[in-house]
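Q: Dumping the structure here so I can ask a few things about it.
The values are calculated or read from the model by the stated rules, or taken from the named source; none is laboratory data. Just so you know, these numbers come straight off a predicted model, no measurement behind them. Methodologically, a virtual Cβ is constructed for each residue, glycine included, from the backbone with ideal geometry; neighbour enumeration extends over all protein chains shown. When the accessible area is computed, the model is the full protein with side chains, heavy atoms only, and any ligands, DNA or RNA have been set aside. Shrake-Rupley method; radii C 1.70, N 1.55, O 1.52, S 1.80 Å.
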Amino acid sequence: NQTVDLPFINFMRRYGTVFLNAYTNSPICCPSRAAMWSGLFTHLTESWNNFKGLDPDYVTWMDLMEKYGYHTQKYGKLDYTSGHHSVSNRVEAWTRDVDFLLRQEGRPMVNLTGDRKHVRVMEADWRNTDKAVNWIKEEAINLTQPFALYLGLNLPHPYPSPYAGENFGSSTFLTSPYWLEKVTYEAIKIPKWSSLSEMHPVDYYSSYTKNCTGEFTKQEVRNIRAFYYAMCAETDAMLGEIISALRDTGLLKKTIVIFTADHGELAMEHRQFYKMSMYEGSSHVPLLVMGPGIKKQQQVPNVVSLVDIYPTMLDIARIPVPQNLSGYSLIPLLCGKAENEATSRGPRPSWVLSEFHGCNVNSSIYMLRTGKWKYIAYSDGHSVLPQLFDLTADPDELTNVAIKFPVTVRSLDKILRSIVNYPKVSSSVKEYNKRQFISWKQSLGQNYSNVIANLRWHQDWLKEPKKYENAIDKWL
């Protein structure tokens, strides 16, 4: 990337393999992590939103590694059993089928903190990085058995925005001059936006609930993007601490290092910030691997996704891989072997699947990425029109060509339906949302109206509370 200096990601590229087309299986924290830790697609884990994840006793790849003699350690953000997110988050996810439009987020904005010496902006992430570094230097170095260390960071992620009111979301892009200086402002591209009237209805709903439908100057958009890149630079430095600790202890030569993310973050592409979208900025993730046996300076174009982490970790540890997984081991690709030398389960499919069922989007979404195509289907496949993007001709995903290529749409939809009966899944998510909402509403008794009026959408809600209450009653 010409826009920001990421020395340690570049170090991993030089001494390892980078996957050019890696995707999340659900572009939001908890469902994505549930997929990564279980090796199963979201419709199988039924992790529909940010607080419904895996059962606490689910056997993850790390549990299996521990069982087979690995010393395991986890620090930082886990988020795969439940994201413990706010009441607002839950209610917004449950009520996405209600016929109303309410802003759920604070308007995205930037905030510069500290001075040129202020390095540790995301203090919690740094504390967890320090713990991991100390563990490598004090524990890992003395182990007689192999180890698996996991470090979960929050960055690069917008910060909570107190100005947005109670239960506020995270819409503040925060960094210090130290990190901002690493960004080349002139290299920042300003994304093209469709006019609001031309937007796909689900995109419009997302932009509205994310508080992005107002006016933004070019300078505001450029700043948000610059601050996002600066947050990436701070993340890179944490990766650097881990790599340096492994190098200092002599462990780097015999340790496999994997760097990835649960989802991307939009930085005003498509008039959105945050994730919860199938556009590249949100669904595409970094995935870099280096270590013994891993091919150096290799760029893998194959589509892969986070469910592949589970079988890959077991493969590395030479543990038998369960047959029921959605993912496939990345080891053949990492070692530069041909695809036909695949696992006992047969060759890796030529597609990946991502799906989303949570807040800020008023429909279940399913994304199939294969070859140059990205196909996005909504809800039952009929009530909302699909989208089709040709990522070779249109890398910025500005032109939906679904109407132009009906044969392609039909064939991709057929593949999608062979993987997941998506109209049925969408319908069961709708039922789940209604059940959850009703039981939450009943738990509040007479207090219901007061509580709902004070959630994150209070600024919009309080203008016409009766109208919105009626819309919920009608939905129920």
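Q: Does residue 169 meet the test of being touching a residue at least 24 places away in the same chain (Cβ under 8 Å), closer than 30 Å to residue 458 by Cα and touching a Gly at 6+ places or on another chain (Cβ under 8 Å)?
A: Yes: the conditions hold for residue 169.
Q: Let me ask another. All but one of (1) at positive phi; (2) surrounded by 19 or more Cβ atoms within 10 Å (Cβ to Cβ); (3) of a type in the set (D, E, K, R) hold for residue 46, so report the exception by its number.
A: Condition (2) is where residue 46 drops out.
Q: A further question follows. Could you identify the single residue in 5, 55 that is of a type in the set (D, E, K, R), more than 26 Å from residue 132 (Cβ to Cβ) and at pLDDT below 95?
A: On the way: 5 fails: more than 26 Å from residue 132 (Cβ to Cβ).
Selected residue: 55, the only one of 5, 55 that is of a type in the set (D, E, K, R), more than 26 Å from residue 132 (Cβ to Cβ) and at pLDDT below 95.
Q: Out of the residues in region 439-466 meeting the condition of being of a type in the set (Lys, Arg) and assigned to a helix (DSSP H, G or I), tell me which one is farthest from residue 360 (Cα to Cα).
A: Here the answer is 466.
Q: Can you run down the residue pairs with Cβ atoms below 7 Å, 6 or more apart or on separate chains, where the first is in region 329-350 and at pLDDT 85 or above and the partner is among the hydroxyl-bearing types (Ser, Thr, Tyr) and assigned to a loop (DSSP other than H, G, I, E, B)?
A: 329/343; 348/328
Q: Restricting attention to region 1-29, report how many residues are touching a Ser or Thr at 6+ places or on another chain (Cβ under 6 Å) and farther than 28 Å from residue 185 by Cβ.
A: Taking region 1-29 and keeping what is touching a Ser or Thr at 6+ places or on another chain (Cβ under 6 Å), we get 3, 23-27.
So of that shortlist, the ones also farther than 28 Å from residue 185 by Cβ come out as 23-26.
Here the count works out to 4.
Q: Which condition number does residue 1 fail, the rest of (1) surrounded by fewer than 18 Cβ atoms within 10 Å (Cβ to Cβ); (2) assigned to a strand (DSSP E or B) being met?
A: The failed condition is (2).
Q: How many residues, within region 280-296, are under 29 Å from residue 213 (Cα atoms) and touching a residue at least 40 places away in the same chain (Cβ under 8 Å)?
A: Of the residues in region 280-296, the ones under 29 Å from residue 213 (Cα atoms) are 280-286.
When the remaining residues are screened for being touching a residue at least 40 places away in the same chain (Cβ under 8 Å), the result is 280, 282-286.
So the answer is 6.
Q: Still on this structure: Which of the residues belonging to region 163-185 are of a type outside the set (A, V, I, L, M, F, W, C) and either more than 23 Å from the chain's Cα centre (by Cα) or in a loop (DSSP other than H, G, I, E, B) (or both)?
A: Answer for region 163-185, where residues must be of a type outside the set (A, V, I, L, M, F, W, C) and either more than 23 Å from the chain's Cα centre (by Cα) or in a loop (DSSP other than H, G, I, E, B) (or both): 163, 165, 166, 167, 169, 176, 177, 178, 181, 182, 184, 185.
Q: Follow-up. Specify the residue that is least open to solvent (accessible area, probe 1.4 Å); the eligible residues are those in region 107-155 that are in a strand (DSSP E or B) and within 13 Å of residue 235 (Cα to Cα).
A: Within region 107-155, the match that is least open to solvent (accessible area, probe 1.4 Å) is 152.
Q: Among the numbered criteria (1) in a loop (DSSP other than H, G, I, E, B); (2) touching a residue at least 12 places away in the same chain (Cβ under 8 Å); (3) open to solvent by 30 Å² or more (accessible area, probe 1.4 Å), which one does residue 277 miss?
A: Failing condition for residue 277: (3).
Q: Select from region 197-234 the residues that are among the polar types (S, T, N, Q) and open to solvent by less than 10 Å² (accessible area, probe 1.4 Å) and write down the one among them that is nearest to residue 184 (Cα to Cα). Walk me through it before giving the result.
A: The first filter runs over region 197-234 and keeps only residues among the polar types (S, T, N, Q), leaving 197, 206-207, 209, 211, 213, 217, 219, 223.
Then keep just the ones that are open to solvent by less than 10 Å² (accessible area, probe 1.4 Å); that gives 206-207, 209.
On the way: 206: 30, 207: 27, 209: 31 Å.
The residue in question is 207.
Q: Do we have residue 288 as surrounded by 24 or more Cβ atoms within 10 Å (Cβ to Cβ) and closer than 24 Å to residue 370 by Cα here? Even if it seems obvious, please write down each step before you answer.
A: Details: surrounded by 24 or more Cβ atoms within 10 Å (Cβ to Cβ): no; closer than 24 Å to residue 370 by Cα: yes.
Spelling it out, it is not the case that residue 288 is surrounded by 24 or more Cβ atoms within 10 Å (Cβ to Cβ) and closer than 24 Å to residue 370 by Cα.
Q: Now a separate question. Looking only at region 366-377, filter to residues that are open to solvent by 10 Å² or more (accessible area, probe 1.4 Å) and touching a residue at least 60 places away in the same chain (Cβ under 8 Å); which one of those is farthest from residue 431 (Cα to Cα)?
A: 370
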